[in-house]
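Single-structure report; data block below.
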Amino acid sequence: MSSRQTGARRRPEFGRDDHEISTRLVTLSTDDGHVWDGMLLRPRFGPPERRRLLVLVVHGSVGNYLSGVPRRLAFDLSRQGFSVMSINTRLANYGPFFGGGLFDKTVLDLRAALEVARNNGFPRVALLGYSMGSTICTNFVAEMQPPEVVGLCTVAHPESLPESLRMRWLRFGASPNYEEVVEIARPIMAEDPDDPPNDRIFIVTRANGPLATPENAEIWTYATWWSSRGPESPHAESRKRIGLVKVPIGIFQAGNDHLILPGEGYELAAIANAAGNRDVSLDMLAEADHVFTGCADELAIMTGDWLGQLA
């Protein structure tokens, strides 16, 4: 494990045209009848071994395959010679707001993505998850042990989605608080965990800041909240899943992250090591925030160096 210090970086540039990358929209068809979007990027030039490895990028909360860190990493890694596929899942955009974004079902989304990878001639895949996507990818590898997945790369990886949210709500004085939502959600989920008939939308004020203003509010349904942030959601806690991951793991954390505690990356690496995985590395971008503002280039280089060892 290592820790790196970084200085200021230039602002990331969006919308840069790159004629050395072939891009194509793809669709993922899941076993439970959903269809999600994605984008496949193939570099026209570069080392053949990098082009043969597909890096599968998974978004964070209220994100998608065309925005933020996933977008930047997809293009930057492709410029380094990697084939990349950035995808949506059922948790993309507003999935958790309207009842369809059930975290435990995301294994079906990634399984569909691997089918697209095979159909496009990629027998070797490295998963790269950002923020919540790190948890999605970790849970998938732990649960499915897919033979084509040769590595797990995580960026801004929380130890536990439920615990991170509980601590944030406590810090800002959220209303309703965590325990109150548990009290309401538990009997609703007990009726039918897969399709609760009385599921409904609820709003939490002061969820992301101390003021009861719209930008600090969160919106969920009880089912989507229970699946990804509830107290009985072990698949949403990487600290309970990463010990089952046997492929190489690269963890890349931000040192100035307001959502993830500094020690969480070290804890995850230690758990994986203790479970017998001897190929675990940890890097820290000391000045980076959760979205790696001004540090996008450095993040791309670091993740690219790690992925290059798998190619």
task = Could you tell me whether any residue of region 206-213 is buried (at least 19 other Cβ atoms within 10 Å of the Cβ) and more than 20 Å from Val62 (Cα to Cα)?
result = no
Of (1) outside any strand (DSSP E or B); (2) among the small types (Gly, Ala, Ser); (3) in contact (Cβ under 8 Å) with a residue 24 or more places away in the chain, Gly121 satisfies every one except (3)
Subset of region 219-238, residues touching a residue at least 24 places away in the same chain (Cβ under 8 Å) and surrounded by fewer than 17 Cβ atoms within 10 Å (Cβ to Cβ), comes to Ile219, Pro231
Within region 71-96, the residues that are surrounded by 24 or more Cβ atoms within 10 Å (Cβ to Cβ), in a loop (DSSP other than H, G, I, E, B) and under 14 Å from the mean Cα position of the chain (by Cα) are Asn88, Thr89, Leu91, Ala92
Those residues of region 48-63 which are in contact with a strand residue (DSSP E or B) (Cβ under 9 Å, 6 or more places away or on another chain) and either over 30 Å from Glu218 (Cβ atoms) or at pLDDT 95 or above (or both) amount to Arg50, Arg51, Arg52, Leu53, Leu54, Val55, Leu56, Val57, Val58, His59, Gly60
- Could we say that Ala113 is of a type in the set (Gly, Ala, Ser), part of a helix (DSSP H, G or I) and more than 23 Å from Gly265 (Cβ to Cβ) here? yes
Restricting attention to region 295-311, the residues that are part of a loop (DSSP other than H, G, I, E, B) and touching a strand residue (DSSP E or B) at 6+ places or on another chain (Cβ under 7 Å) number exactly 3
With the first residue restricted to region 67-82 and required to be free of Cβ contacts under 8 Å to residues at least 40 places away in the same chain, and the second required to be in a helix (DSSP H, G or I) and among the basic types (Lys, Arg), Cβ contacts under 7 Å at 6 or more apart or on different chains are Gly81/Arg50; Gly81/Arg51
Exception for Phe292 within (1) aromatic (Phe, Trp, Tyr); (2) under 29 Å from Pro47 (Cβ atoms); (3) part of a helix (DSSP H, G or I) falls at (3)
Being under 14 Å from Arg241 (Cα atoms) and in contact (Cβ under 8 Å) with a residue 12 or more places away in the chain is the requirement here; does Ser164 meet it? no
Picking from Gly129, Gly133, the residue that is out of contact with any helix residue (DSSP H, G or I) (no Cβ under 7 Å at 6 or more places or on another chain), crowded, with 24+ Cβ neighbours inside 10 Å and not in a loop (DSSP other than H, G, I, E, B) would be Gly133
Among Gly99, Gly173, the single one that is under 22 Å from Asp257 (Cβ atoms), of a type in the set (Gly, Ala, Ser) and surrounded by fewer than 24 Cβ atoms within 10 Å (Cβ to Cβ) is Gly173
Q) Quick check: anything in region 254-276 assigned to a loop (DSSP other than H, G, I, E, B) and more than 23 Å from the chain's Cα centre (by Cα)? A) yes
Among helices (runs of 4 or more DSSP H) entirely inside region 156-242, those with 2 or more residues being over 16 Å from Phe103 (Cβ atoms) and among the charged types (D, E, K, R) are 161-172, 178-191
In region 97-107, anything farther than 18 Å from Pro234 by Cα and in a helix (DSSP H, G or I) is listed as Phe97
Checked Asn277, Asn216 against criteria (surrounded by 14 or more Cβ atoms within 10 Å (Cβ to Cβ), under 30 Å from Asp297 (Cβ atoms), in contact with a Lys or Arg (Cβ under 9 Å, 6 or more places away or on another chain) and without any contact (Cβ under 8 Å) to a residue 60 or more places away in the chain); the one match is Asn277
Residue hits (region 280-297; surrounded by 20 or more Cβ atoms within 10 Å (Cβ to Cβ) and either small (Gly, Ala, Ser) or over 19 Å from Leu73 (Cα atoms) (or both)) are Val280, Ala288, Ala296
| message | Here is a check on your reading of the model: is Leu161 in contact with a helix residue (DSSP H, G or I) (Cβ under 8 Å, 6 or more places away or on another chain) and at pLDDT 95 or above? | response | yes
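The values are calculated or read from the model by the stated rules, or taken from the named source; none is laboratory data. All values derive from a computational prediction rather than experimental measurement. As a convention, Cβ positions derive from the backbone with ideal geometry for all residues, glycine included, and neighbour counts pool all protein chains shown.
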